[in-house]
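Engineer: The structure follows.
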Amino acid sequence: NYMYFKNMGVEEIKFPTHKDMTDMEIGMDLVLKYGADEIYIFGGIGSRLDHSIGNVHLMCKSLEKGVKTFLINEDNTVTLVDKSIEINTHRGQTVSLTTTAEGVTTVNLEYALNDATMTIGSTLGISNVATEDNISISVKKGILIVFLSQD
């Protein structure tokens with residue numbers, strides 16, 4: 001409710017409806033400006049595939065600043081990795097990796113990758129499975145999209 005947040009003293013910032021960026025990009029820029037060290041985006045994956053993919057791309061802004069960002073809906077969590085990441089999850093968690101990256105190495109996934117090259121146009125990293133309650137993924141070059149899916 002608008003009045004609830006207004007009465008709490010939450011700052012209101014207005015932008016024109018005709019602009020060169022989405023509301024999500026404006027929000028991403030603001031939280032990075034205010035110094036967020038982790039970002040969780042709920043509701044950024046939906047029926048508009050163009051916006052959903054755009055939101056995945058927006059996570060590059062936070063990645064460049066070393067800020068972990070997670071795009072979350074009821075069935076998926078998406079994040080990016082350009083160096084390394086450890087993720088607390090659960091055994092049996094479906095984990096998919098995609099995009100273009102070199103030197104991809106995974107730990108605690110059923111189908112391990114060791115210094116692998118991932119390319120757009122291949123499904124090499126789709127539907128892997130966590131074998132432990134935490135996984136790690138490292139990348140030597142490029143940006144990898146990591147999907148944790150609930151089946």
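Engineer: Taking the conditions exactly as written (crowded, with 16+ Cβ neighbours inside 10 Å, out of contact with any Pro (no Cβ under 6 Å at 6 or more places or on another chain) and among the small types (Gly, Ala, Ser)), does Ser47 satisfy them or not?
Structural biologist: no
Engineer: Can you name the residue in the stretch 136-151 that is assigned to a loop (DSSP other than H, G, I, E, B) and of a type in the set (Val, Ile, Thr) and is also farthest from the chain's Cα centre (by Cα) among such residues?
Structural biologist: Selected residue: Val139.
Engineer: Name every residue in the stretch 114-135 that is aliphatic (A, V, I, L, M) and part of a strand (DSSP E or B), in order of residue number.
Structural biologist: Ala116, Met118, Val129, Ala130, Ile135 - these are the residues of the stretch 114-135 that are aliphatic (A, V, I, L, M) and part of a strand (DSSP E or B).
Engineer: So is Arg91 of a type in the set (Lys, Arg) and within 18 Å of Leu148 (Cα to Cα) or not?
Structural biologist: So Arg91 passes the test.
Engineer: Taking only pairs six or more apart or across chains, which ones have beta-carbon atoms under 9 Å, a first residue in the stretch 66-80 that is closer than 17 Å to His51 by Cα and in a loop (DSSP other than H, G, I, E, B), and a second residue that is small (Gly, Ala, Ser) and open to solvent by 40 Å² or more (accessible area, probe 1.4 Å)?
Structural biologist: Listed pairs, sorted by first residue: Asn73/Gly43; Asn73/Gly46.
Engineer: Pairs, please: C-beta under 8 Å, at least 6 apart or cross-chain, first residue within 9 Å of Ala101 (Cβ to Cβ) and in the stretch 112-123, second in a loop (DSSP other than H, G, I, E, B)?
Structural biologist: As it stands, the answer is Ala116/Leu124; Met118/Thr99; Met118/Thr100; Met118/Leu124; Met118/Gly125; Thr119/Thr100, since those pairs meet every condition given.
Engineer: Which count do you get for residues in the stretch 81-110 that are part of a strand (DSSP E or B), surrounded by fewer than 15 Cβ atoms within 10 Å (Cβ to Cβ) and in contact with a Lys or Arg (Cβ under 9 Å, 6 or more places away or on another chain)?
Structural biologist: Quick first cut of the stretch 81-110, residues part of a strand (DSSP E or B) only: 81, 84-88, 94-98, 101-107, 109.
Right, trim to surrounded by fewer than 15 Cβ atoms within 10 Å (Cβ to Cβ) and you get 84, 86, 88, 102.
Pick out the ones that are also in contact with a Lys or Arg (Cβ under 9 Å, 6 or more places away or on another chain) and you get 102.
The qualifying residues number 1.
Engineer: Hey, another quick one. Kindly check whether there is at least one residue in the stretch 56-64 that is under 26 Å from Asp37 (Cα atoms), assigned to a loop (DSSP other than H, G, I, E, B) and either in contact (Cβ under 8 Å) with a residue 40 or more places away in the chain or among the charged types (D, E, K, R) (or both).
Structural biologist: Initial filter on the stretch 56-64 (under 26 Å from Asp37 (Cα atoms)): 56-64.
Remaining after also requiring assigned to a loop (DSSP other than H, G, I, E, B): none.
No, because not a single residue in the stretch 56-64 is under 26 Å from Asp37 (Cα atoms), assigned to a loop (DSSP other than H, G, I, E, B) and either in contact (Cβ under 8 Å) with a residue 40 or more places away in the chain or among the charged types (D, E, K, R) (or both).
Engineer: Residue pairs, Cβ under 9 Å, 6 or more apart or interchain, first in the stretch 17-46 and free of Cβ contacts under 8 Å to residues at least 60 places away in the same chain, second in a strand (DSSP E or B) and open to solvent by 60 Å² or more (accessible area, probe 1.4 Å). List them.
Structural biologist: Asp37/Lys68; Glu38/Lys68; Ile39/Lys68
The values are calculated or read from the model by the stated rules, or taken from the named source; none is laboratory data. Here the structure is a predicted model, which means the values were calculated and not measured. Reconstructed Cβ throughout: ideal geometry from the backbone, glycine too, with neighbour counts over all protein chains shown. Ligands, DNA and RNA are stripped out before the accessible areas are found, and what is left, the full protein with its side chains, is counted by its heavy atoms. Shrake-Rupley method; radii C 1.70, N 1.55, O 1.52, S 1.80 Å.
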